[in-house]
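The values are calculated or read from the model by the stated rules, or taken from the named source; none is laboratory data. Here the structure is a predicted model, which means the values were calculated and not measured. Note: ideal-geometry Cβ built from the backbone for every residue, glycine included; neighbour counts use all protein chains shown. What goes into the accessible areas is simple: the full protein's heavy atoms, side chains included, and nothing from ligands, DNA or RNA. Shrake-Rupley method; radii C 1.70, N 1.55, O 1.52, S 1.80 Å.
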Amino acid sequence: MSSPEQHDIDIPGSVFRDHPSVEVSASDRLKFAKQILLGLAIISSGIIAGYACYPANSALAQLSELVKIGALPIVTLVISFYFPNGSKK
C-alpha cells in the first residue's frame with residue numbers, strides 16, 4: 001500500500017503574505033473589551049434575575065454560583081487591564 005504524498009505547507013507565508021504584521025489599534029481593543037463586558041453583563045443579569053424569580057431551581061442556583069465565582073473575576077480582570085491606575089511612573 002502506498003501512502004499519499006506529504007507536502008509541507010508554509011501557512012504563515014502563504015496566508016499572511018500580503019499582510020506581514022497584523023495590528024489591532026487601541027480603540028479596536030477597547031471596543032472589543034466593551035462588547036465582551038456588555039455580553040457578560042447581559043448573561044449574568046439574566047442568570048441572576050432568573051435565580052431571583054425561581055430560587056428553588058437548582059440549575060439556576062448553580063449558574064448563579066458560576067457567575068459569582070467565574071464571570072465576575074473575569075470582568076474585573078478585563079476592566080483592570082484596560083483601565084489601569086494612573087500611578088505609573
Fill in the blank from the handout: For helices (runs of 4 or more DSSP H) lying entirely in the chain, having 3 or more residues that are charged (D, E, K, R) and either at pLDDT 80 or above or open to solvent by 80 Å² or more (accessible area, probe 1.4 Å) (or both) picks out 26-53
Handout entry: Pair list, Cβ under 6 Å, 6 or more apart: segment 31-42 residue closer than 14 Å to Leu77 by Cα, other residue of a type outside the set (A, V, I, L, M, F, W, C) and in a helix (DSSP H, G or I)
Key = Ala33/Tyr82
